[in-house]
Amino acid sequence: MPIFHRYVAIGDSSTEGLVDPDGQGGYRGWADRLAQLVADAQDEPLEYANLAVRSLRLNEIRNRQFDDAIALQPDLMTIFGGGNDLIAVGWDLDTMRADLAAMYGEARAHDCTVLTFTLPDPTSINPFGKHLKDRMFRFNDIVRAEAERYGVLVMDFQNYPIAEDPRLWFEDRLHGNELGHQRTAAALAWRLGIDGADESWAEPLDDEPARRQFHQQLASDVDWIRRYLGPWLGKGIRGVPHGDGVDPKRPVPTVVPRSMTRSRSGS
């Protein structure tokens, strides 16, 4: 298996960890969980930094985070973003491609293993998913093409039905919940070839999602618009940054302690 010494994660709210509470007023998320899986799988210590900030578009991730990430000299990076571009009115796939190419190319030129992933089919997750599906899949095509061009590892969630199970998503229907972040981290560890990681993350949940009657689904969608979509759009109209005042949660690389499970194994 590969051995890593410093992992740096950049991105938006997904990489920051929303909505996977850490029990201390913050968020854990798939990047923290991936760091733990890597640390537990190897004898060498792993340092980890997370520069992600919610609500940033891909160009903002490139301009605000990427250079700082490279300066930390990681040998493993996760670069994930684009969701905030795709749900906005003014989205430009050519610009998004250029941003990905620039980040992928420079990170790989620094001999860094780079890992990313595609977006799942949003149709069953979000009331507007069917309207977003085409642009998300077009963006996924760009991710795959640029990743192949630069030797970036891709976890292709578009091809895994479990990724679109609504039970892996928080009630805002935009962010993963605790289970969603757990499955994402396990999938990324498997894609990296981490010791002990397997494809069990892709197994369906034990039972089928409960089917709602039309009036129940309609009421749920209206409540979602009132509680989540409306306030989100309101901020955008007023020009209020969604991540205003939020700083990276882990800007300095620190060693990830081994979990109790690893400690008990004696390895």
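No lab work stands behind these numbers, since they all come straight from the coordinates. Model, not experiment: these values are computed from the prediction. As a convention, Cβ positions derive from the backbone with ideal geometry for all residues, glycine included, and neighbour counts pool all protein chains shown.
For this structure, a couple of remarks:
- Close amide H contacts of residue 155 (hydrogens built in the peptide plane, cut-off under 5 Å, sequence separation of 5 or more or a different chain): 116, 117, 118.
- Using the Cβ-Cβ distance between residue 109 and residue 137 with R0 set to 30 Å, the FRET efficiency from 1/(1 + (r/R0)^6) comes to roughly 0.55.
- Each residue of region 85-99 was assigned a 3J(HN,Hα) from its phi angle through the Karplus curve 6.51 cos²θ - 1.76 cosθ + 1.60 (θ = phi - 60°); the sequence is 5, 6, 8, 8, 5, x, 10, 9, 5, 5, 5, 5, 4, 4, 5 Hz, with glycine and proline shown as x.
- Residues in region 57-62 carry Karplus couplings, in order, of 7, 4, 5, 5, 4, 4 Hz; the curve used is 6.51 cos²θ - 1.76 cosθ + 1.60 with θ = phi - 60°, and Gly or Pro positions show x.
- Farthest toward the positive end of the dipole of region 33-168, out of 114, 50, 89, is the Cα of 89, where the dipole comes from beta carbon charges about the Cα centre.
- Part-to-part distance (alpha-carbon centres) for region 126-202 and region 12-33, which is given in Å: 16
- Computed from backbone phi, the HN-Hα couplings of region 174-185 come to 10, 10, x, 8, 4, 5, x, 5, 4, 5, 4, 4 Hz, rounded to whole numbers (Karplus: 6.51 cos²θ - 1.76 cosθ + 1.60, θ = phi - 60°; Gly and Pro given as x).
- Computed FRET value (nearest 0.05) for residue 71 with residue 206, which takes r as the C-beta separation and R₀ as 35 Å: 0.15
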